[in-house]
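Worksheet: one structure, shown below.
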């Protein structure tokens with residue numbers, strides 16, 4: 001192993017956006033005597049990690065998924081005494097995938113730390129390069145998206161975000177045919193804004209409606225507007241397009257990451273719950289008009305308080321109201337079971353647990369509506 005490996009960050013910045021995995025693979029082979037290298041990216045459902053360098057190869061196995069879920073390096077020995085290390089590819093709290101490296105011997109802590117640093121550089125580069133190449137999007141997909149789903153996935157801010165203060169994660173289903181449901185977030189200073197939307201209708205029309213609403217709220221937010229002004233601008237934009245015939249049920253939240261105070265505008269059907277001390281409790285908010293139902297709608301802020309260690313869950317009606325085959329709505333009992341089952345998981349895993357519970361609730365039936373789940377852990 002070379003004492004002075006070339007700085008991988010500089011190599012990645014100089015590389016074409018679609019060749020980042022090859023740059024890291026060559027770097028690891030030359031300077032760390034790596035026998036095998038693979039970059040694995042999480043699929044759209046976050047239930048598997050898929051290879052980039054060998055796209056015809058098999059998906060990552062249990063060790064890769066343990067690394068992806070735990071966000072910690074996982075070291076496995078091989079029968080011939082070599083070491084296979086899996087390292088999380090994560091940028092600003094967003095789980096992208098796993099870097100798998102096989103070395104001549106199981107790595108010690110120093111080597112693991114060096115490999116982890118390379119994985120961090122690669123993750124940031126992959127996040128930036130994603131806008132300029134389709135290579136990584138293709139790897140993430142197991143089948144073709146509908147046009148509505150293409151719009152929704154392109155509109156997402158990411159699938160998780162976090163730092164030492166918080167971790168927020170979201171998931172859409174059905175991943176390849178989602179239409180009107182959506183989530184958005186942004187952090188600036190000590191303020192985190194989170195929105196969950198349930199666009200009226202189905203297919204491409206619902207996706208276009210949500211696209212207008214989300215971009216209107218972003219436009220207001222980026223101009224420094226509060227969540228009331230965001231809701232009012234989005235409502236006016238939707239109404240101007242559809243004259244009240246279509247609307248977007250939306251919950252807008254602005255969380256103070258220092259005090260835990262949450263400002264809320266409840267404009268429709270998404271529901272919020274707090275897990276505190278291992279038990280769920282409903283956040284009772286007075287529903288106001290969905291965005292776009294009437295011209296010049298006006299909204300008011302309501303407030304509630306998070307405590308350190310709280311988990312905030314927001315779900316669309318495709319989750320809480322799902323009642324396939326006349327069964328009781330998922331929100332009456334199944335959601336509570338899923339929340340309790342996920343109490344020891346990070347938010348990034350908890351959203352998957354809720355969605356698995358929802359799929360089990362459907363018992364093989366096709367869902368009548370798309371669904372979104374957003375989970376926030378306040379760590380202070």
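Details
- Entry note, the range 8-138: relative contact order of 27 percent, from Cα contacts under 8 Å with a spacing of 6+ residues.
- When both the range 226-287 and the range 179-211 are represented by their alpha-carbon centers, they are found 11 Å apart.
- D by Stokes-Einstein for the range 279-380, Kirkwood Rh over Cα pairs, 25 °C, 0.890 mPa s: 161 µm²/s.
- Between 0 and 90 degrees, the angle of helix 203-222 with respect to the longest Cα principal axis of the chain falls at about 90 degrees.
- Length, then width, then depth: along the principal axes, the Cα atoms of the range 242-288 run 44, 23, 13 Å.
- Top of 74, 49, 168 by mean-square fluctuation, Gaussian network on the chain, Cα under 10 Å: 74
- Relative contact order (%) - criterion: Cα under 8 Å, at least six apart; region: the range 83-155: 27 percent
- Counted residue by residue at 0.36 nm each, then reduced by the alpha carbon distance between them, the extension gain from residue 29 to residue 66 reaches 10.9 nm.
- Cα pair count fraction exceeding 37 Å, expressed as % - the chain: 24 percent
- Point-to-point label distance, residue 164-residue 105, nm (Cα→Cβ direction, 7 Å offset): 3.5 nm
- C-alpha long axis of helix 20-32 to longest principal axis of the chain, angle in °: 30 degrees
- Crossing angle, helix 227-242 versus the chain [Cα axis fit, 0-90 degrees, rounded to tens]: 80 degrees
- Mean separation of Cα contacts under 8 Å (6+ apart) over length of the chain, as relative contact order %: 14 percent
- The spread of Cα positions in the range 8-138, taken along each principal axis and listed from longest to shortest, comes to 40, 32, 29 Å.
- Rounded FRET efficiency, nearest 0.05, which uses the C-beta distance separating residue 276 from residue 150 and R0 of 25 Å: 0.05
- Computed log₁₀ I(q)/I(0) - Debye formula, equal Cα scatterers, no solvent, the range 200-317, q 0.11, 0.15 Å⁻¹: -0.38, -0.67
None of the figures in this text is laboratory data; all of them are computed from the coordinates on show. Keep in mind that this is a model prediction, so the values were computed, not measured. Backbone-built Cβ (ideal geometry, glycine too); neighbour counts: all protein chains shown.
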